[in-house]
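Enquirer: Take a look at this one; I'll ask things after.
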Amino acid sequence: MLPLGWFTRRRRPATARSVLAGEAAAEAARKSTQDAAPVEETPAEPEFPVVGDTAAAAFFDLDNTVMQGAALFHFGRGLYKRHFFHKRDLARFAWQQIYFRLAGSENPEHMADVRNSALSIVQGHRVAELMSIGEEIYDEYMAERVWPGTRALAQAHLDAGQKVWLVTAAPVETATIIARRLGLTGALGTVAESVGGVYTGKLVGEPLHGPAKAEAVRALAAAEGLDLSHCAAYSDSANDIPMLSLVGHPYAINPDSRLRKHAREQGWRLRDYRTGRKAAKIGIPAAAGVGALAGGAAAAVALQRRRR
């Protein structure tokens, strides 16, 4: 049995040091219970796009940003199905698509080859005819190749009351069809010359590519009364760095190696839907959007075999 004295508080004279320690502990306890501030949380990113900001708009590149592969290639497949050209032309389109996917960027000489191929095919055809066929081709080859994630980004801008434009080197007629079918505002694209509603096989100026895209965005912003520092732009290609650099909110989508490097150096946001990985967190709602990469060239070869 323990002695009663073991439970009894022993009285010892307080030293100056113990008094100081006691007072400090009491003061700390008082502050922790009475004056403690809530734990500071990391501030959330400002809401973007800003609802009701009429000075803002969004500009989206098309090929490999909004849609897997090149719109012009898919359009060419549709025209081949309608006997606009021969197998050797389809083979050339298929090679251009393979190059586009393997290179991951837009070589100027390659783009010129694509341009010349397209112009030779449409020469002598009516604009209205190609527009009507373009609607069918969109349903056949393009609709299923739209990246759901990028589509969600565009929809976020639309939901915020902002205009959304495609900006592409593809023919403006093709781009306009795609923009309309996606519910976007409109499209800036390469303009092919027509006389009396018939294509001449020439361009008005040059393809809307690289710096020309930036100039088109600048001109449209001036006409629409937009503040480019409020605007956003989205692209996969380093060739569009001039356009991306114009706006206050640049985004690299499915970026090629040069754009990925530049975007990281500049602190731009990145998103890659080709593998489903997020290169960086984005403040805009977006769907997961991992679509299966349809082999455009393989499809072209299969189409040739069925034609034999």
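Enquirer: What distance in nm lies between label points placed 7 Å from Cα along the C-beta direction at Arg274 and Val198?
Expert: Those two pseudo-labels are separated by 4.3 nm.
Enquirer: Per 0.36 nm of contour for each residue apart, how much would the distance between Lys261 and Asp139 grow if the chain were fully extended, relative to their Cα-Cα spacing?
Expert: 40.4 nm
Enquirer: Here's a follow-up. Given points 7 Å out from each Cα along the Cα-Cβ axis, report the Val191 to Ala128 separation in nanometres with one decimal.
Expert: Output for this residue pair reads 2.1 nm.
Enquirer: What does the highest-first list of 200-206, 224-230 look like by mean Cβ count within 10 Å?
Expert: Highest mean packing first, the order is 224-230, 200-206.
Every read-out reported here was derived from the displayed coordinates using simple, explicitly stated rules and does not represent laboratory data. Computed from a predicted structure; not experimentally measured. FYI the Cβ positions are ideal-geometry reconstructions off the backbone, even for glycines, and counts take in every protein chain you see.
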